[in-house]
Every structure is written in structure tokens, then in C-alpha cells.
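Trainee: Here's a structure for you.
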Amino acid sequence: IVDSDNDATILLDSYVKSKISDEVYENLALEKPNPSDKDYPLTVQECARFFRVLFNATYLSQEMSDYALKLLAESSFRDGMMKKLDSSVVVSHKFAERGSGDTKEFHEVGIVYLENDAYLIGVMTKGKELNELTNIVSDISKIVYDEMQHAVSNF
């Protein structure tokens, strides 16, 4: 999880019975992935659903939800939504990049923790240059962070 290594997904799939993982997708109202298809596209709302159930501990226990969010906060990836945020800001996040030829995609979803509050943000991008896409996500993240920090401090 820390390195966003998709080999972890493959390893997890080999240990978790398909009935259990099918139940998770069903309980979260998500379409079950096709094992023969290497892509499993999700909308930003579907990605956010995973983060909401972790944050609210509505699927796993509070302890396991907190542990998952802690692991997601230890992500070594800092070029997207975290790039322009102060290094002290805690963000539990997951990113994905894909594409070939002229079309690249970069997506990132996460929970940003403010002093006594938090917010969920998800940005999905598509374009020609991966570096440009990560910069767009970092710009959007910084704008949202500044606005949320301002809103919290004025509340």
C-alpha cells in the first residue's frame, strides 16, 4: 500500500476467497471486477466510497479502519495532491496512473486531515503528459486545501 504496488492486489486476491471479495463489492454497491480483464475502471464517486467507509468505520471495525487509513497516509507518492501541501499535512490517499500512446490518465483520491476536521477529495485526469496531469492534481489539491483551511478557521 505504501508504494501503491499493484502486486499487493494480486497477492491479496490469491488469499481472499472470491466469495468474500464479491461480498465486499456487493455491499459497497460496486460492480464485481472481471478476473479476465486487467482494467477495473472506477468513477471518482466509487473510489470515494472506499474512503468514506474507512473514515466512518462503517464496514470494518474502528481499529481496522484506522489501520488502513494509517497505511494509506504512509504512501511514498508525493507528486500529486500532496506536492504543494506542507509536509506536516496528513493525507490518506491512493493514486493510479495508466495509459498508453498519446493518452495518459492520472487519478488520486484521499482524505486530507485538518486540525480537528477532514475532507475527502478525488481528482481524475486524462491527457498527453503524465507530469502535466500530476501538476493539475497538485494545483487543485492546493486550492481546495487553502479554501478548506480558511473555512475551518472561520467556523
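Trainee: Residue 139 - would you say it is loosely packed, with under 14 Cβ neighbours inside 10 Å and either at pLDDT 95 or above or in a helix (DSSP H, G or I) (or both)?
Mentor: Answer is no for this residue.
Trainee: With closer than 30 Å to residue 116 by Cα and open to solvent by 60 Å² or more (accessible area, probe 1.4 Å) as the only criterion, which of 40, 67 stands out?
Mentor: Checking each option against the conditions leaves just 67.
Trainee: Report yes if residue 144 is surrounded by 12 or more Cβ atoms within 10 Å (Cβ to Cβ) and assigned to a helix (DSSP H, G or I), otherwise no.
Mentor: yes
Trainee: What is the residue count in the stretch 51-70 for residues that are assigned to a helix (DSSP H, G or I) and either of a type in the set (Gly, Ala, Ser) or touching a strand residue (DSSP E or B) at 6+ places or on another chain (Cβ under 8 Å) (or both)?
Mentor: Looking only at that region, the number is 8.
Trainee: When you scan the stretch 94-103, do you find a residue that is of a type in the set (D, E, K, R), touching a Leu at 6+ places or on another chain (Cβ under 9 Å), closer than 17 Å to residue 44 by Cα and surrounded by 12 or more Cβ atoms within 10 Å (Cβ to Cβ), even just one?
Mentor: Among the residues of the stretch 94-103, at least one is of a type in the set (D, E, K, R), touching a Leu at 6+ places or on another chain (Cβ under 9 Å), closer than 17 Å to residue 44 by Cα and surrounded by 12 or more Cβ atoms within 10 Å (Cβ to Cβ), which makes the answer yes.
Trainee: A further question follows. When residue 131 is evaluated against the numbered criteria (1) free of Cβ contacts under 8 Å to residues at least 24 places away in the same chain; (2) buried (at least 17 other Cβ atoms within 10 Å of the Cβ), which criterion, by number, is the only one it fails?
Mentor: (2)
Trainee: Just to be sure I understand the filter: pairs with C-beta atoms under 9 Å, separated by 6 or more residues or on different chains, first member in the stretch 29-55 and of a type in the set (Ser, Thr, Tyr), second member open to solvent by 80 Å² or more (accessible area, probe 1.4 Å) and part of a loop (DSSP other than H, G, I, E, B). Which pairs pass?
Mentor: 40/31; 40/34
The values are calculated or read from the model by the stated rules, or taken from the named source; none is laboratory data. Just so you know, these numbers come straight off a predicted model, no measurement behind them. Every residue, glycine as well, gets a Cβ built from its backbone with ideal geometry; the counts of neighbours run over all protein chains shown. The area values use the complete protein model at the heavy-atom level, side chains included, leaving out ligands, DNA and RNA. Shrake-Rupley method; radii C 1.70, N 1.55, O 1.52, S 1.80 Å.
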